[in-house]
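Okay, so here's the structure we're looking at.
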There are 4 protein chains.
Amino acid sequence: MSTRTPEEQLAEHRTEVEGLREQVCDLHAELPRWNLVTWTSGNVSARVPGTDLMVIKPSGVSYDDLRPEDIVVCDLHGRRVRGRHNPSSDTEAHAYVYRERADVGGVVHTHSPYATAWAARGEAIPCAVTAMADEFGGDVPVGPFALIGGDDIGRGVVATLRDHRSPAVLMRGHGVFTIGGDARAAVKAAVMCEDVARTVHFARQGGPVQRLPQEHIDALHDRYQNVYGQ
Amino acid sequence: MSTRTPEEQLAEHRTEVEGLREQVCDLHAELPRWNLVTWTSGNVSARVPGTDLMVIKPSGVSYDDLRPEDIVVCDLHGRRVRGRHNPSSDTEAHAYVYRERADVGGVVHTHSPYATAWAARGEAIPCAVTAMADEFGGDVPVGPFALIGGDDIGRGVVATLRDHRSPAVLMRGHGVFTIGGDARAAVKAAVMCEDVARTVHFARQGGPVQRLPQEHIDALHDRYQNVYGQ
Amino acid sequence: MSTRTPEEQLAEHRTEVEGLREQVCDLHAELPRWNLVTWTSGNVSARVPGTDLMVIKPSGVSYDDLRPEDIVVCDLHGRRVRGRHNPSSDTEAHAYVYRERADVGGVVHTHSPYATAWAARGEAIPCAVTAMADEFGGDVPVGPFALIGGDDIGRGVVATLRDHRSPAVLMRGHGVFTIGGDARAAVKAAVMCEDVARTVHFARQGGPVQRLPQEHIDALHDRYQNVYGQ
Amino acid sequence: MSTRTPEEQLAEHRTEVEGLREQVCDLHAELPRWNLVTWTSGNVSARVPGTDLMVIKPSGVSYDDLRPEDIVVCDLHGRRVRGRHNPSSDTEAHAYVYRERADVGGVVHTHSPYATAWAARGEAIPCAVTAMADEFGGDVPVGPFALIGGDDIGRGVVATLRDHRSPAVLMRGHGVFTIGGDARAAVKAAVMCEDVARTVHFARQGGPVQRLPQEHIDALHDRYQNVYGQ
C-alpha cells in the first residue's frame, strides 16, 4: 500500500486513471451485448496499477447513459475519491478482492441468468466441455451466501477462488464474480462463465453429463493459458 | 378526485401531459428491448400527477410506429379525453389501479414469456436470489384469473398487491402487471420480473431451489429500497 | 377463377402487384426480427386480390438481400409468371391454400423453433393463456406429415384449419403454416404462434398446465376479433 | 499437391487469396449473428482452389475487429505463409480436413450452445424434422473426443463424416465442425446445425421424439440437394 493519500495518488496518476475510466466505461457495453445483465444489474471495475485506487461503475446508472466521467474513482476500501456519483453498491466486494489479491487488476459482477441459476441451487458447473477446461481449468466453484455491505462477499470470493484455477465464482443465491489480470480479462471470464453455464445447463436437460478426465482438463488449460491468442 | 372535468384538467396540465406522452412513448421501447413483448402485446401507462387523468398506449399500434402524439389521454375510468386512437384494451385495468392506489404513478402490462409461464401454472416465483429480494422483497405473487373488460383484472391486481411488497403480480393464465411510483419504475419492475422469472425457471430445471431465509430477504429489500442508486 | 391468362391479369393489375411485392418484401424482415427463421428458411406470400395470382419469396435468397423486384409472381398453381428467381420451394403449398380458401389473402411458412418442437412431437399447443385464446381461439392444431412437392402439404394445411379457429397449423415433423386475410395478418399469426409455443413450453417445463375453460376462450376470442385495435 | 512452394503458389494466386480473405472475414459476421459464438470462440476457413493453401481466422481476435488483412494464409499443414497474426489454434484440424477431403472448400468450427450440449452428452441429434433431412440427410453424428494440437481432431472429423451425409459433426465434449464445398456452405451448415440442435432439444423436453422414416429422409435430402435455391 502506498503511503500517499488517495488524492495524491490520483493527482500523480491522472492520465492512467482517465484512460481506465474510458476503458471500463467501454467494457460495460459488453455486459448487455452478451446478455449478462438486466437493467443496471452488473458492474466492472479496474485497479489503477501502482496505486491504492480503483475505478468502478456508478450505482443505478443505465449502460446506455454511461460516459467515462461517470465512472467513479475509489480507494481500496470503496471510499469515493473522485466522481459525481455514488459508486456501485458492490464496491466493497470489488475493493476487498483488490486488497487481498495483488495479482488481480479487474473484477466483474453480474447476475447473468444461466450462471445465476447454478448459483441459486448452490451447484458448481462441472467441467464437461473443452472450452471450460481452457478458460476455467476445472469446475466453476460455488462460494458462500453473503449479504451485501461490508467485506462478507469479497471474503467469500477470495476464499473460494484461492482453491481453484477458475477466475469465476458462483456466489450462492446471488450471482457471479470474476477476476482477471485486467478488466478486460475479468469481462471475458464473465462472458465465458455464462456461456459454459448455459451449454452445460442445456446438456444436462437431455441426460447425464460426464466431467472431462482430469488429465485432459490439465492439458487443455495449460495449452490455452500459454499458446492461445497473439 | 378533482371537481373539474377531464377536459378542464387537460387544459390546465397541458405541458405535463405532453411531457408524459413523450416519456411513456419512449418507455415502450424498453419492452421489446428486454424481450417482454411480441408484436403489440404490452403497454405502459402513467398517471398525470394532480389530476384524474392517465396516458396510455393506443390499442394494436406497433412499438416502431409509436410517436408521442399517439399516446392516448384518458380519465381514470378509461374514457378517452384526447388522442386519435383507441386506448389499449387493457386501459380499464390500468385505470382501476390508479383509482384505488393513490401512490401508484405508473402501470405496465406484458405477457413476457418466462413470467407468463409461471402465470400459466398459477405458481408464484419463489424468492430464491438476492436480486429478487432487492426488487420484490419476497415472492412474486399470483393473482386471480379474470376476463378483460370491466374492473375484474384491476381488482385482482390491487387485491393481490395489497398483501405483498412486490410491485409485480402474475395474473393467472394471463400475464404480468407491475406498478411503480412513476412509469419508469413500473417498467423496471416488469423488466426485473421477467429476469427473475427466467433465472428461477432455469434454476429449477436443474433441481430443487430454496427460498432465501426471510431475515435475509428483509435485510436485502430494506437496503435496496433505501441505499441503492444515486 | 378468372378467364384471362395470368399474363393478362398481371398486365391489368400491375400497380397492385408492385405494391404487394414491396409489402411482402418488407414483411420478410419480421421473420428474423421475431426469431422465426434461420438462414433462408421461412417465406411469406400474398394473393393479388381479384386475380389468380400470388407473390412469394424466391427460393434460397437471404432476408438481407431481398428486394421487391426479387419477389416472384406466380399463378395459383405455383407457376412463375414474373421474376428472375425460382419461387420458394413451398410455393405449391401456398398456392393450394389460395385455391381452396377464397378468404385467405396471405400465407406464411416457418420452422420457428418452439412451434416446430411441438410439431416434431405432433402435439397441439393447448390454449393455456389468454393471448392464445385471443389470437387462436383455442389450441394450435397439428396437421399431417406430408412431403414437399405437389399438393400434400397444402391439402394438410387446409383440411386441418377447416375444423379450427386457429390461423396457424403445426405440420407434423415439419413446421408452421399460418393464414390471414392479408399477408400482414398471416405474419402476425406466425409471430404469435411462436410466442405462445414458447410460453406454454416454458410453463409445462415447470409442471402441469391447464387449458383455459372453453367459455372463457370463447369470450376472449370473440372480444379480440371484434374490439381490439383501431 | 502442387510441386511449387507455398510462397510461389501465393504469388500466383494473389487475387484469389485476397478475395477469399475478404469473403472469409465477412462470413465471420454470421457467427455472432446466428448466436454460434461467444467472445472469439469460432472460426471459418476456406481452401484456396488449385493450391495447397487455406485462409483462416487469426487466434483470439474479436469478430468486431476482424479485417480482411487479419485473415491468415496457411499451407495445408497449418503453417503460416502470410499474415501478421498467429492463425486460429484450430488450424491443424482445418488443415487436416483439406488434406484428406479434396471435395471440401470450407470448414467451420464453433461451440454453438445447443449443438455443444448434444456433444457434451456424446449424443447424435436424431433426424426428427424435415429441415434436418434437407440439410443433413439424417442424424448429425458424434465424433470422438480428441485433444487440440496435432491431427487428432481433424482425423476424428474426417473419419466420422466419411460414413454420413451430414456436413456437420459433434465432436464429443468439445463442439461442432462443419464442411462445405466452399466457406459459405460450411457456415450455412454450422448455422443449420445449431438450429436443428435447438429445435430437437426443445422437442425432447416435452416428450419423446420420433426419427422420420428413412424413406422420407432420403426423398427430402435428394430433393433439397438438387432442387432448392436458384
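The values are calculated or read from the model by the stated rules, or taken from the named source; none is laboratory data. Quick caveat: nothing in here was measured; it's all calculated off a predicted structure. Neighbour counts are summed over all protein chains in view; Cβ atoms, including those assigned to glycine, are modelled from backbone coordinates with ideal geometry. These accessible areas exclude ligands, DNA and RNA; they are computed on the full protein's heavy atoms, side chains included. Shrake-Rupley method; radii C 1.70, N 1.55, O 1.52, S 1.80 Å.
Starting from the range B:59-70, take each residue that is more than 17 Å from C:A185 (Cα to Cα) and more than 10 Å from chain C (Cβ to nearest Cβ) and list its partners that are in a helix (DSSP H, G or I) and open to solvent by 90 Å² or more (accessible area, probe 1.4 Å), counting only C-beta distances under 7 angstrom and pairs at least six apart or across chains.
From the range B:59-70, the pairs are B:P68/B:E22.
Applying the selection to the range D:148-173, what residues are within 14 Å of chain A (Cβ to nearest Cβ) and open to solvent by less than 50 Å² (accessible area, probe 1.4 Å)?
The answer is D:I148, D:G149, D:G150, D:I153, D:G156, D:L170, D:M171, D:G173.
Mind checking whether some residue in the range B:206-223 is under 30 Å from C:D222 (Cα atoms) and open to solvent by less than 10 Å² (accessible area, probe 1.4 Å)?
Scanning the range B:206-223, I find no residue that is under 30 Å from C:D222 (Cα atoms) and open to solvent by less than 10 Å² (accessible area, probe 1.4 Å), so the answer is no.
Report the residue count in the range B:119-147 for those that are in contact (Cβ under 8 Å) with a residue 60 or more places away in the chain and within 7 Å of another protein chain (Cβ to nearest Cβ).
Of the residues in the range B:119-147, 4 are in contact (Cβ under 8 Å) with a residue 60 or more places away in the chain and within 7 Å of another protein chain (Cβ to nearest Cβ).
Every residue in the range C:113-136 that is under 16 Å from the mean Cα position of the chain (by Cα) and either open to solvent by less than 10 Å² (accessible area, probe 1.4 Å) or of a type in the set (S, T, N, Q) (or both), please.
Result: C:P113, C:A115, C:T116, C:A119, C:F136.
Let's see how each residue does on (1) farther than 30 Å from C:H201 by Cβ; (2) touching a Pro at 6+ places or on another chain (Cβ under 7 Å):
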position: B:R155; (1), (2): yes, no
position: B:S166; (1), (2): no, yes
position: B:K188; (1), (2): no, no
position: B:C193; (1), (2): no, no
position: B:V227; (1), (2): yes, no
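Determine whether the range B:8-22 contains at least one residue that is under 19 Å from B:A190 (Cβ atoms) and among the hydroxyl-bearing types (S, T, Y).
no
Within the range B:125-159, work out how many residues are within 29 Å of A:V37 (Cβ to Cβ) and among the charged types (D, E, K, R).
Qualifying residue count for the region: 3.
Between C:R198, C:R165, which is under 19 Å from C:S41 (Cβ atoms) and of a type in the set (K, R)?
C:R198
Suppose we keep only residues that are in a loop (DSSP other than H, G, I, E, B) and acidic (D, E) within the range B:114-143. Which one would you say is farthest from B:A168 (Cα to Cα)?
Selected residue: B:E123.
Considering only the range D:182-223, state which residues are more than 7 Å from chain C (Cβ to nearest Cβ), more than 22 Å from the chain's Cα centre (by Cα) and in a loop (DSSP other than H, G, I, E, B).
Selection gives D:P208, D:Q210, D:R211, D:P213.
Mind checking which residues of the range B:26-50 are within 12 Å of B:A183 (Cα to Cα) and either within 14 Å of chain C (Cβ to nearest Cβ) or under 15 Å from the mean Cα position of the chain (by Cα) (or both)?
Answer for the range B:26-50, where residues must be within 12 Å of B:A183 (Cα to Cα) and either within 14 Å of chain C (Cβ to nearest Cβ) or under 15 Å from the mean Cα position of the chain (by Cα) (or both): B:L27, B:H28, B:E30, B:N43, B:V44, B:S45, B:A46, B:R47.
Just the residues that are in contact with a helix residue (DSSP H, G or I) (Cβ under 8 Å, 6 or more places away or on another chain) and crowded, with 24+ Cβ neighbours inside 10 Å, please, taken from the range A:91-103.
A:A93, A:H94, A:A95, A:V97
Determine the pairs where a residue that is within 14 Å of chain D (Cβ to nearest Cβ), located within the range C:73-86, has a partner that is open to solvent by 60 Å² or more (accessible area, probe 1.4 Å) with Cβ atoms under 6 Å apart, the partner being 6 or more residues away or on another chain.
Matching pairs, first to second residue: C:G78/C:E92; C:H85/D:Q230; C:N86/D:Q230.
Within the range B:187-195, can one find any residue that is over 19 Å from B:D103 (Cα atoms) and open to solvent by 20 Å² or more (accessible area, probe 1.4 Å)?
Checking the range B:187-195: not a single residue is over 19 Å from B:D103 (Cα atoms) and open to solvent by 20 Å² or more (accessible area, probe 1.4 Å).
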